[in-house]
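Each remark here refers to the structure printed beneath this line.
The values are calculated or read from the model by the stated rules, or taken from the named source; none is laboratory data. Given the structure is predicted, the values throughout are model-derived calculations rather than measurements. Every residue, glycine as well, gets a Cβ built from its backbone with ideal geometry; the counts of neighbours run over all protein chains shown. With ligands, DNA and RNA removed, areas are computed over all heavy atoms of the protein, side chains included. Shrake-Rupley method; radii C 1.70, N 1.55, O 1.52, S 1.80 Å.
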There are 4 protein chains.
Amino acid sequence: MSLSNWGRWGADDQLGALNFINPEKIIQASRMINKGKVYSLAMPIHTHKTPYDKALRVAPFHVLTRDGGDYAAGAKRVGDVQFADGYVFLNTHGSTHMDALSHVWYDDQIYNGFSDNSIKSKGAKYCGIEKVKGIVTRAVLLDIPLFKGVEYLEAGEVITPEDLDQCAASQGVTINSGDMLFIRTGWLKMLEENSEKFEKYEPGIGEACIKWIAEKEIIGIAADNLAVEVKPEEREGAVIPVHMKALRDLGVYFMELFNFEELAKDKVYECMFVAAPLAITGAVGSPINPLAII
Amino acid sequence: MSLSNWGRWGADDQLGALNFINPEKIIQASRMINKGKVYSLAMPIHTHKTPYDKALRVAPFHVLTRDGGDYAAGAKRVGDVQFADGYVFLNTHGSTHMDALSHVWYDDQIYNGFSDNSIKSKGAKYCGIEKVKGIVTRAVLLDIPLFKGVEYLEAGEVITPEDLDQCAASQGVTINSGDMLFIRTGWLKMLEENSEKFEKYEPGIGEACIKWIAEKEIIGIAADNLAVEVKPEEREGAVIPVHMKALRDLGVYFMELFNFEELAKDKVYECMFVAAPLAITGAVGSPINPLAII
Amino acid sequence: MSLSNWGRWGADDQLGALNFINPEKIIQASRMINKGKVYSLAMPIHTHKTPYDKALRVAPFHVLTRDGGDYAAGAKRVGDVQFADGYVFLNTHGSTHMDALSHVWYDDQIYNGFSDNSIKSKGAKYCGIEKVKGIVTRAVLLDIPLFKGVEYLEAGEVITPEDLDQCAASQGVTINSGDMLFIRTGWLKMLEENSEKFEKYEPGIGEACIKWIAEKEIIGIAADNLAVEVKPEEREGAVIPVHMKALRDLGVYFMELFNFEELAKDKVYECMFVAAPLAITGAVGSPINPLAII
Amino acid sequence: MSLSNWGRWGADDQLGALNFINPEKIIQASRMINKGKVYSLAMPIHTHKTPYDKALRVAPFHVLTRDGGDYAAGAKRVGDVQFADGYVFLNTHGSTHMDALSHVWYDDQIYNGFSDNSIKSKGAKYCGIEKVKGIVTRAVLLDIPLFKGVEYLEAGEVITPEDLDQCAASQGVTINSGDMLFIRTGWLKMLEENSEKFEKYEPGIGEACIKWIAEKEIIGIAADNLAVEVKPEEREGAVIPVHMKALRDLGVYFMELFNFEELAKDKVYECMFVAAPLAITGAVGSPINPLAII
């Protein structure tokens, strides 16, 4: 099989694997909802707590420009009104987030062959995050450490296609076309123990999973770490190869820094998944608060 | 009936009217999904296009810190990898957004009686937006200009409880406990015609709707304008009185700058509503990309 | 004479006309100080007051992340210590500022022939503002409206070399090699009257001044408007031609949004000038607080 | 003698020790200029290089919103014009900077008895940095490690009044009323060796220097570290006591993260000092590019 989806949905396509979601899939996803429970998979956005790639980025920043303290100090009211107001300064990949298809590429072309010249300082003309109006589909959680009988996978530990298949089988779930895949590695544990290690290394999927991803026709992969894929990489010189092939060639969405702890505790292995990236014109990713609904 | 929900769900409650949503409500909402179609109700986040209260706030700002242009100009790659990365600087109320229950108040107390001293420069201790893990419920759209036979309501035009009831009846929908209410005023049209007028004045609900809101037990109200409620206000000296009573006393969520044009065109009057605010610790609101799913 | 200084100070030069300042010039400038008085020529940096090019940029933003209000609301102290802390978000050209020689160019080459490929998202490799360690020289103020007998020049009014020469003569000052030139147009008056007009149009120097600038060997020009040069431009299709030629070809520094009102009132026509741009690596300009000392 | 300057220059005074600078002092300072050489004492403002208190603040951030890369990727020009433009996001104390007199205090009152209720989210009403129009005075550099015969002082090493006096004597300089004091500790060396240690601990002046500062009538103190004063502090529970007394009680200006290496190498022990904080309305400090001129 081809490991590229370029042209599969037309020369103009900017959605990639999201094309696997059709109306029936959305209806099917909605039928995952039988308990009426909503899980937020987001990690807190907090200057001094949110992990991020410190070599590349700066921390999220939040501040109030008007607050209760101002009134305590005598700030005037307009009529009876008191209010608080604030701002956030966020890297679009610096907390729980999803990548746009314009986030990573090679050979000067992004997904579906668009020239990377279309990505300038103000944003991406093609495959910007605003093209993703909102994702609603079924998601499957694979709890790899539970399957392997460990608390968490180790730094650099590679998750293979066999791991994914056998874990799914052990959980009694199947992965279908159009599904979102949640991969729990347990690595969040390392955030408390050693945040520097959490950010620098991680267990994750390896290159062998690229073909598996293509075959399963999943629309995206989220993990409880910074990059979904294993760090350090398996081969010398192969830098984030799963992103390179799965995001850029297949149009599959990568989402990072998800918190699956509650889902795992409740043994929720399938759910309706909703992700609604901010409609930032031309952004190459977006912070999100992903929801799992059952 | 009391026009306050303080204490109704306990002295510690920080969720307010979201308590009207129970598991059955979420399951019922999911059954709105029969066509498998997702509508994004967000307006674009764009420095020079997003409307906002210019006297109070600054425009949203987005920039890439690495882009295709950098590679065109010779930027080095790590291995084969090329990537784009960026940041947003956003007022938490400056584009399509939802207010937290800590956003507005009077008499030094926010919803449920928490002292406004709990809201300091770094954020709100109580009723911050992170307390809202994610909203999933049924929403009803009332298309007021369609009901009134106009293209859009006028600046300062008051929407009354009778308007809401009769519009709902004309559309054949009922509003139930736990529902989200979408009010279309058509005012977005003014954004193209006169953005300054759009930002300064607006049609919206009047004070008489406060009792109606309490009786209907709705969890929130969104509108296609900057403040949901009418501007200028009906009474001299009564500044945003509907926010004051409905948000602060009743714990009802206000959401602004929604785009209902597609829903209205498709005559979608009920749907599953999903809003997932960013998990910003202590923020008094959040930009959102609200979804309507049918 | 050549209207280019490329190569004049070596192929590697990144300082441009600042090379006209030698140690003797600095000593001479210091002898302007005989009264012991310091004038700040900066306009306030304030979100809602600072003028800027609204089509291109966003307003300066300042906020405290810790303040007296927080303590009034009960914030804890560490020992006895109370403190305030804050942040600014600034366009490097959005308040009183100086341009780096990497700010504007044509034909893909900046001052001295450096390729504009050297200016990427993170900053300029050549001619970034950090190359200007600090400017100390003599400055001459030309008060053009006083010379012309008007309160202020009109929008689009062109200042000619003859105006400059005759104004200098009428004030009894000469302009020497290595001097900084202050041009007062009176246009700040328009900021109070009509800020939109202030930002869109302005009186300023015309293209004929380029040769004059080259001959005088001045190091830079500051004005009390947004662009130093006249807007709209004199010729159709010639966009900011004085910047194009004087900054890019001659290496002359442009500084904008200066406030000369106090200097003019005190009839201070020569002074020691000190400008110390922030040492932002690779920035193409910097906010400054320019000082005139007599 | 009193260790307070409150009321010394009037109940309304917001300038503090800057009142020691009179016109004669400025003229005298200008006569320090005899070589025509300018030293910048600023450290680079750079996201990944500038040291800052990481527990309290976020890194400086700089980005271009238009650059040469955009043109390389095909960005359109207006006429012939190409340009670069950018933004900085800066803590007002996060790189080379000066504190305003509203930066630190105790007992709810800042310098000269103003209530700290005057410092709200948008800025300080009294003693904001914009009150300091620009500092021009004589500065004296004391090279303490040279005097002590070491490369640099150790973490926690206290500088005493005797050290200051003897160092000045050994250098043959006197410290006069209205002078600025530069204290070189050599601690910048630690920034290369161990940036975490650089930020957490430092050599600096101890509490005994407070009286010395008052007697000398200096206007401010700058050092090549993060806090001027010694860390950890000499007494348990006494948190930044020199700031508390000298800044708040005496109105003396503290400036941090200065680079004196060139001055020290050239054995420049007195100079004209110019510091021009950005005119940010109500800011409690400002990044600066301090100049030493001889």
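Observations, loosely collected:
- In segment A:1-40, taking the dipole from charged Cβ atoms about the Cα centre, the farthest positive-side position among A:Leu15, A:Leu3, A:Asn34 is held by A:Asn34.
- Taking max minus min of the alpha-carbon positions on each principal axis, chain B gives extents of 68, 46, 43 Å, largest first.
- Whether the protein assembly as shown is rounded, prolate or oblate, judged on the alpha carbon gyration tensor where a/c under 1.5 counts as rounded: prolate
- Segment C:157-205-segment B:157-172 distance, computed between alpha-carbon centres (Å): 61
- Size of charge dipole - the protein assembly as shown - debye, nearest 20, with Cβ of Lys, Arg +1 and Asp, Glu -1, no other charges: 0
- Share of carbon and sulfur in the accessible heavy-atom surface of segment B:144-294 [1.4 Å probe, %]: 46
- Karplus-based coupling profile of segment A:60-77, in residue order and whole Hz: x, 9, 9, 8, 9, 9, 8, 8, x, x, 4, 6, 4, 8, x, 4, 6, 9, with θ = phi - 60° in 6.51 cos²θ - 1.76 cosθ + 1.60 and x standing for Gly or Pro.
- Separation between Cα centres of segment D:219-293 and segment D:129-149, rounded to whole Å: 7
- At an R0 of 45 angstrom, the distance between the Cβ atoms of D:Leu56 and C:Lys35 translates into a FRET efficiency of 0.60.
- Where A meets B: accessible area buried, both sides, 1.4 Å probe, Å²: 6500
- Net charge contributed by nearby residues that have their C-beta within less than 12 Å of B:Ala169 (K/R +1, D/E -1): -3
- Surface composition of segment B:36-113: carbon and sulfur make up 48 percent of the accessible area, probe 1.4 Å.
- Within 10 Å of each Cβ in B:22-28, the average number of Cβ atoms from other chains: 4
- Cβ neighbours within 10 Å from other chains - mean over A:98-105: 3
- For the residues of A:284-291, the average number of beta carbons from a partner chain within 10 Å of their own beta carbon is 6.
- Placed amide H near D:Leu141: partners under 5 Å, 5+ positions off or other chain: D:Phe182, D:Glu270
- Given charges at beta-carbon only (K, R positive; D, E negative), |dipole| of segment C:164-294 in Debye: 140
- More than 23 Å apart - percent of Cα-Cα pairs taken over segment C:1-143: 60
- Lys/Arg +1, Asp/Glu -1 at C-beta; chain B dipole; positive extreme among B:His103, B:Val158, B:Ala208: B:His103
- Global geometry of segment A:17-97, whether rounded, prolate or oblate, following the gyration tensor of its Cα atoms and the 1.5 cut on a/c: oblate
- Cα-based convex hull, segment C:91-149, per residue volume (Å³, whole number): 148
- ³J(HN,Hα) computed for each position of segment A:255-272 - Karplus, 6.51 cos²θ - 1.76 cosθ + 1.60, integer Hz, glycine/proline x: 9, 10, 6, 7, 10, 9, 4, 5, 4, 5, 4, 7, 6, 8, 9, 9, 6, 7
- Relative contact order (%) - chain C, alpha-carbon pairs under 8 angstrom, separation at least six: 31
- The distance linking segment C:17-32 with segment B:48-69 is 42 Å (Cα centroid to Cα centroid, whole angstrom).
- Cα gyration tensor shape for segment B:110-190, rounded if a/c is under 1.5, else prolate or oblate: prolate
- A cut-off under 13 angstrom between Cβ atoms defines the neighbours of C:Pro60, and their net charge, with Lys, Arg +1 and Asp, Glu -1, is +2.
- Across segment B:133-148, computed HN-Hα scalar couplings (Karplus, 6.51 cos²θ - 1.76 cosθ + 1.60, θ = phi - 60°) run 5, x, 10, 10, 7, 7, 10, 10, 9, 9, 9, 5, x, 4, 4, 7 Hz from first to last residue, x flagging Gly and Pro.
- Summing Lys and Arg as +1 and Asp and Glu as -1 over all other residues whose Cβ lies under 12 Å from the Cβ of C:His243 gives a net charge of -4.
- Rolling a 1.4 Å probe over the heavy atoms of the protein chains gives the protein assembly as shown an accessible area of 33 Å² per residue.
- Among D:Glu199, D:Glu24, D:Glu261, residue whose mean-square fluctuation peaks in a GNM of chain D (springs only between Cα atoms under 10 Å): D:Glu24
- Among D:Glu215, D:Glu270, D:Glu193: highest mean-square fluctuation, GNM of chain D, C-alpha pairs under 10 Å: D:Glu193
- Computed magnitude of the charge dipole of chain B (debye, nearest 20; Cβ of K, R +1, Cβ of D, E -1): 940
- Listed residues B:Ile210, B:Ile135, B:Ile27, most fluctuating in chain B (Gaussian network, C-alpha, under 10 Å): B:Ile27
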